[in-house]
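One structure, as structure tokens, below. Some questions next.
The values are calculated or read from the model by the stated rules, or taken from the named source; none is laboratory data. Since this is a predicted model, take the numbers as computed values, not measurements. A quick note on method: Cβ atoms are made from the backbone with ideal geometry, for glycine too, and the neighbour counts reach across all protein chains shown. SASA here: full protein model, heavy atoms, side chains in, ligands and nucleic acids out. Shrake-Rupley method; radii C 1.70, N 1.55, O 1.52, S 1.80 Å.
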Amino acid sequence: MSLFRTKSVEQSIADTDEPDHRLRKDLSALDLTVFGVGVIIGAGIFVLTGTVAASNAGPALALSFVIAAVACGLAALCYAELASTVPVAGSAYTFSYATLGELVAWIIGWDLVLEFTVGAAALSTGFSAYLQQVLEIVDVTLPSQISSAATGVIDLPAVVIALLVTWMLIRGTKFSSRFNQVVVALKLVVVAAVIVVGVAHIDTGNWVPFIPDAQPAPESSGGFADVPLITTLLGLEPAVFGLAGVISGAAIVFFAFIGFDIVATTAEETKNPQRDVPIGILGSLAIVTVLYAAVSLVVTGLRSYRDIDPDSAAPLADAFEDAGVGWMPDLISVGACIGLVVVAMILMLGQSRVAFAMARDGLLPRPLAKVHPTYGTPYRITVLTGIAVAALAGFVDLSTLAHLVNIGTLFAFLLVSIGVVVLRRTRPDLPRGFRTPLAPVVATISVLMCGYLMLNLTGDTWIRFLVWMAVGVIVYFVYGRGHSRLGHREEAAGNSLST
């Protein structure tokens, strides 16, 4: 059996009509755009702004966001074409199965499991931290034994929110979408307040120099594990700020854009995927890019990058405290607390849909792809996802895994960009609701940008990523390859021909 056998687009679409594995089509272009905005605006904008401004880019943090957005935008064009051509749950996994073969599809599916599950757990933990800040406003303090996995026994708020989100997802994507729309509206009000109030207190002198001169990196960050891989490969002296710092910053703030690809995982549940999925992907990314650039200019305008604490968990709140706007930190905490619920929910939605597609193909146990008879959702895999996220969020400190999520996402973007060109060559006859303009050029630039951003992540991130991928390859050969429905179909076809 070939490791690179591909599953035809027609077969992928036909599998969506199986009675026990058919998802309900409830979502519109507005639902998808709100999903995209809801999941992208999360912990990244509330936390990474301070870290990257102080340690990498200075006021040019806005350029870091733009560079990351361009890389995402190029990949988004490729996602939009594939999602409109193959409107099936699974996103990059499904696209890779149709273009690059089963082994590559498994690897990317395994990669997405890491991205979505760990990301949802980390954001559940982030919700817990912001919830405790909100509770302190009304003089309520949770015992440390139940409020932190790092200093206590369990992070109970993180566990509770993960399980609550699981229940909402089982109830149906339309139900989840309505909740998402309300929360995203509240979150956008907070972001708008940050921009409008912040503009009135900006000191433009804090933007000079806009791109600080490059400086040697601190000695503590000079080891292989702590510096960008490209620095080690090219034998460069570790440095911060300057143009290299802006690009390294882009690789880090890329975390703030993670999630728009989840729109593609809902293609099978969309009323008109050929039209609505591209609108959802590109629309949400455009909206968020403008907001991110504005917020980054505000945070570096309110406070000099030299005075920002790179380890602060609330750089936006700190900046407004310095500016004398004492009520804004409370508003930001409330907005972040509410917003992180939606981000965790949509990441879990993405994880359940990818795992659902893998189970339907037999690469994971088929019973996991069973759809709820009333709600039309993959409830079994959603329950398992919720339990895994709750366990990680409740008992593991996940603060070191943001970079790992970044590299997994960039890898997925890279493969999708390759896949769009491959499918153009192998199946030019397929109807495409959206066509990537100048596809070979856009895909090539996307691959180069994603690859370069991956090289700007640290050595220890690469080690963890490669270990996770190696485990995934072992699982594929032990279970997935032998249970593949595509493999069984090929074997049956071969037997019929031989007889």
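Let me make sure I get this right: for the range 92-169, a, b and c are the square roots of the gyration tensor eigenvalues over alpha carbons, sorted descending. Under 1.5 in a/c it's rounded, otherwise prolate if a/b > b/c, else oblate. Which is it?
Here the range 92-169 falls in the prolate category.
How large is the charge dipole for the chain, taken about the Cα centre, if only the Cβ atoms of Lys, Arg (+1) and Asp, Glu (-1) carry charge, to the nearest 20 debye?
1880
Near the amide H of Ser147, under 5 Å away, which other amide H atoms are found, from residues 5 or more places off or on another chain, if H is placed in the peptide plane?
Close amide H contacts, sequence-distant or interchain: Val153, Ile154, Leu156.
If contacts are Cα pairs under 8 angstrom and at least 6 residues apart, what is the relative contact order of the range 27-490 in percent?
Value for the range 27-490: 36 percent.
Taking the Cα atoms of the range 245-292 alone, what are Rg (to one decimal) and Dmax (as a whole number) in Å?
Over the range 245-292's Cα set, Rg and Dmax evaluate to 13.2, 43 Å.
Between His372 and Arg24, what is 0.36 nm times their sequence separation minus the Cα-Cα distance? Round to one decimal in nm.
Full-extension gain reported as 124.3 nm.
For Phe395 and Asp203, what is the calculated FRET efficiency with R₀ set at 30 Å and r taken between the beta-carbons, to the nearest 0.05? Walk me through the numbers on the way to the answer.
Working: r = 44 Å, r/R0 = 1.46.
So the FRET efficiency works out to roughly 0.10.
Once you've got the Cα coordinates, tell me which of Lys7/Lys370; Lys25/Lys370; Lys187/Lys271 are over 23 Å apart.
In this structure, Lys187/Lys271 lie more than 23 Å apart at Cα.
I'd like to know which of Ala393, Val277, Ser304 lies farthest towards the positive end of the charge dipole of the chain, counting +1 on Cβ of Lys and Arg and -1 on Cβ of Asp and Glu.
Val277
Spin-label point model (7 Å from Cα, Cβ direction): what's the Val441 to Phe4 distance in nm?
2.8
Taking +1 at the Cβ of each Lys and Arg and -1 at the Cβ of each Asp and Glu, which of Tyr93, Leu233, Val343 sits farthest along the dipole of the chain towards its positive end, judged by Cα position relative to the Cα centre?
My answer, from the dipole projection, is Tyr93.
Round to the nearest 0.05 the FRET efficiency obtained for Val473 and Tyr452 when R0 = 22 Å and r is the Cβ-Cβ distance.
0.30
Provide the net charge surrounding Ala443, with neighbours chosen by a C-beta distance below 15 Å and charges set as Lys +1, Arg +1, Asp -1, Glu -1.
Result for the local shell: +3.
I've got another one for you. Got a number for carbon plus sulfur as a percent of the range 27-490's accessible area, 1.4 Å probe?
C and S atoms contribute 69 percent here.
What nm value, rounded to one decimal, do you get for the distance between Ile387 and Gln145 when each label is placed 7 Å out toward the C-beta?
Inter-label distance under the simple model: 2.7 nm.
Counting helices only, and only those DSSP H runs with n ≥ 4, report the 222 nm mean residue ellipticity of the chain as the sum of -39,500 (n - 2.57) divided by its residues, in deg cm²/dmol to the nearest 500.
Working: 19 runs with 317 residues, N = 499.
Calculated from helices alone, the mean residue ellipticity at 222 nm is -21000 deg cm²/dmol.
Rounded if a/c is under 1.5, else prolate if a/b beats b/c, else oblate: with a ≥ b ≥ c from the C-alpha gyration tensor eigenvalues square-rooted, which is the range 359-499?
Values: a/c = 1.65, a/b = 1.07, b/c = 1.54.
Oblate is the answer for the range 359-499, as a/c is 1.5 or above yet b/c matches or exceeds a/b.
Determine ³J(HN,Hα), in whole Hz, for all residues of the range 322-339 in sequence, where each value follows from phi through the Karplus function 6.51 cos²θ - 1.76 cosθ + 1.60 and θ = phi - 60°; x replaces Gly and Pro.
With coefficients 6.51, -1.76 and 1.60, one gets 4, 7, x, 9, x, 7, 5, x, 5, 5, 5, 4, 5, x, 5, 4, 5, x Hz.
How big is the Rg/Rh ratio for the chain, C-alpha atoms only, Rh by Kirkwood, two decimals?
0.97
Could you give the length gained by full extension between Leu243 and Ala214, i.e. 0.36 nm per residue of separation minus their alpha carbon distance, to one decimal place?
9.7 nm
Under a 1.4 Å probe, what is the accessible area of the chain per residue, stated in Å²? Let's see the in-between values first.
Numbers: 18600 Å² over 499 residues.
In whole numbers, the chain has 37 Å² accessible per residue.
Multiplying the sequence separation of Gln274 and Asp307 by 0.36 nm and subtracting their Cα-Cα distance, what value in nm do you get?
Details: separation 33, 0.36 × 33 = 11.88 nm, distance 4.84 nm.
Extending this stretch completely gives an extra 7.0 nm.
Rounded, prolate or oblate, given the Cα gyration tensor of the range 49-128, with a/c below 1.5 counting as rounded?
Oblate shape, in that a/c is at least 1.5 and b/c is the bigger or equal ratio.
Another question about this same structure. Set the Förster radius R0 to 45 Å, insert the Cβ-Cβ distance between Ile154 and Val196 as r into 1/(1 + (r/R0)^6), and round the FRET efficiency to 0.05. Intermediate results must be reported in sequence, preceding the final value.
Numbers: r = 39 Å, r/R0 = 0.88.
For R0 = 45 Å, the calculated efficiency reads 0.70.
Which whole-percent values make up P(r) of the range 236-370 when all C-alpha to C-alpha distances are grouped in 10 Å steps starting at zero?
Bin by bin from 0 Å, the calculated values are 10, 27, 29, 20, 12, 2.
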